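All remarks here apply to the structure that follows.
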Amino acid sequence: MKKIYSLTLVLMIGLGSKALAQTTLTTAAIPQVGYVYNMAVDTVPSDLLTFTVSAGSAIAQTWNYTVEFANIYGESTSFVAPSNGAGAANFPTATMAAAQPNGTDWIYFIGNSGGLYIDGAHVVLQGSPVDADYMPNALFMATPSTYGYSNNATSFATATTSIGGNTYQIRHKADRTITADAFGALTTPAATYPNTLRIKTYEVSIDSVFANIFGTWNFALLLTDSTTTYTWMQNSQDAQLMQIDMDKTLKVTKAEYLQSFSNGVAQISAPKAGFNLFPNPATNAAYLTYENKTSTTVSLQLVDMSGRLVGNILNEDQPIGPQKVFINVESMHLPKGLYFLQFKNNEGLQTLKLSVN
């Protein structure tokens, strides 16, 4: 996820042949409490020079970023209950929280049928805690959204802190334009993902800093900035498959891709090439297509968010070659929600997300 960073006096909040069908992101793409994203991150300037972003298009695209990532390091984001985060009392309506890599800052989120929103942030500036509540909440990802979706909104946050014996008030304004500008197949060093949607987020931030002098707020500093972020998402795997961050000059400052994630039930790796689960979300039925490299015994089970087995779909010997498995969702009488398909053969275990409408 896009991170929150603190500056000395300024709080900046900002949060990756055959035609492909357009993808619609649903609530299946929203992270839940208990999820842990394990990302591979590249911030080496010489590597970042090689990253390019194609223009948005109504025609399906094919993105391949297998070569650009050269010097990576691991970075994890855990989504926890809001009560576990620092400053939680100031965000009573948040549904989850995520600690930032520096170990002191936290982002608070609200997830609902309309999407994922940033409720606010707890940051530490020069040893002083600051809590900023976004009014209104800033949209991070809308659901449902498909190619052509666009939203522009402005959020405000005011925070007061003491630094060096002086008291400052930071008045933050963020104007965010979120556009689903492209769709297609994405390939990262981890996997190939069909039916992805690319989300472009352009944010302009204005920070006005006031100093308290003899009980009166006096203007001290004005800083403006802008960032552009491209994020690739997919319902069947995860909310974020890859992300590219750019500064106001459109210079790439960071790139990252999904290596694996844990949902609290199982560790989920990036899907092997050729795996495709559709439609997703499913109402009456879904299909899983894949290809066996050798003859193998295949088992396929469906579990709920708690890890409880809700359906034994398949357990049989299969020949080499392409396969297509019918999943009768209607016959299992499943409540609406998120489930996990656990596929096992002689190459190991593969877990995919399935949303049931």
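Kindly indicate whether any position in segment 119-136 is under 18 Å from the mean Cα position of the chain (by Cα) and aliphatic (A, V, I, L, M). Spell out how you get there, then give the answer.
Start the filter on segment 119-136 by keeping residues that are under 18 Å from the mean Cα position of the chain (by Cα), which leaves 119-121.
So of that shortlist, the ones also aliphatic (A, V, I, L, M) come out as 121.
Checked against the condition, which is being under 18 Å from the mean Cα position of the chain (by Cα) and aliphatic (A, V, I, L, M), segment 119-136 yields at least one hit.
Residues in segment 281-330 that are on the phi < 0 side of the Ramachandran plot, under 26 Å from the mean Cα position of the chain (by Cα) and assigned to a loop (DSSP other than H, G, I, E, B): Pro281, Thr283, Met305, Ser306, Arg308. Among the residues making up segment 27-53, those that are at negative phi and out of contact with any strand residue (DSSP E or B) (no Cβ under 6 Å at 6 or more places or on another chain) are Thr27, Gln32, Val44, Pro45, Ser46, Asp47, Leu49, Thr50, Thr52. Among residues of segment 94-122 that are under 18 Å from Ala142 (Cβ atoms), those with a Cβ under 7 angstrom from a residue that is among the small types (Gly, Ala, Ser) and part of a loop (DSSP other than H, G, I, E, B), sequence gap 6+ or separate chain, pair up as Met96/Ala81; Phe109/Ala94; Ile110/Ala94; Asp119/Ala94. Flag set for Thr228, criterion: open to solvent by less than 30 Å² (accessible area, probe 1.4 Å), at pLDDT 95 or above and either part of a strand (DSSP E or B) or under 30 Å from Asn166 (Cα atoms) (or both). Taken over segment 170-201, the criterion of being under 25 Å from Lys248 (Cα atoms), among the polar types (S, T, N, Q) and open to solvent by 20 Å² or more (accessible area, probe 1.4 Å) is satisfied by Thr177, Thr179.
I'd like to verify a number: residues in segment 152-166 that are open to solvent by 50 Å² or more (accessible area, probe 1.4 Å) and on the phi < 0 side of the Ramachandran plot, how many? Lay out the reasoning, then the answer.
Filtering segment 152-166 down to residues open to solvent by 50 Å² or more (accessible area, probe 1.4 Å) leaves 152, 156, 158, 160, 162, 164-166.
Filter once more, keeping what is on the phi < 0 side of the Ramachandran plot: 152, 156, 158, 160, 162, 166.
Selection size over segment 152-166: 6.
Per-residue answers, yes or no, for (1) among the basic types (Lys, Arg); (2) within 18 Å of Thr296 (Cα to Cα); (3) surrounded by 16 or more Cβ atoms within 10 Å (Cβ to Cβ); (4) at pLDDT 90 or above:
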site: Pro319; (1), (2), (3), (4): no, yes, no, yes
site: Val325; (1), (2), (3), (4): no, yes, yes, yes
site: Glu347; (1), (2), (3), (4): no, yes, no, no
site: Leu354; (1), (2), (3), (4): no, no, yes, no
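The condition (being among the hydrophobic types (A, V, I, L, M, F, W, C) and surrounded by fewer than 18 Cβ atoms within 10 Å (Cβ to Cβ)) is satisfied by just one residue among Val204, Val252: Val204.
Here is a check on your reading of the model: is Leu277 hydrophobic (A, V, I, L, M, F, W, C) and not in a strand (DSSP E or B)?
Considered against the rule, which asks whether it is hydrophobic (A, V, I, L, M, F, W, C) and not in a strand (DSSP E or B), Leu277 comes out as no.
The values are calculated or read from the model by the stated rules, or taken from the named source; none is laboratory data. Being a predicted model, the structure only gives us computed values, none of them experimental. Glycine also receives a Cβ, built like all others from the backbone with ideal geometry; neighbour counts cover every protein chain displayed. Just so you know, the surface numbers come from the protein's heavy atoms only, side chains and all, with ligands and any DNA or RNA stripped out. Shrake-Rupley method; radii C 1.70, N 1.55, O 1.52, S 1.80 Å.
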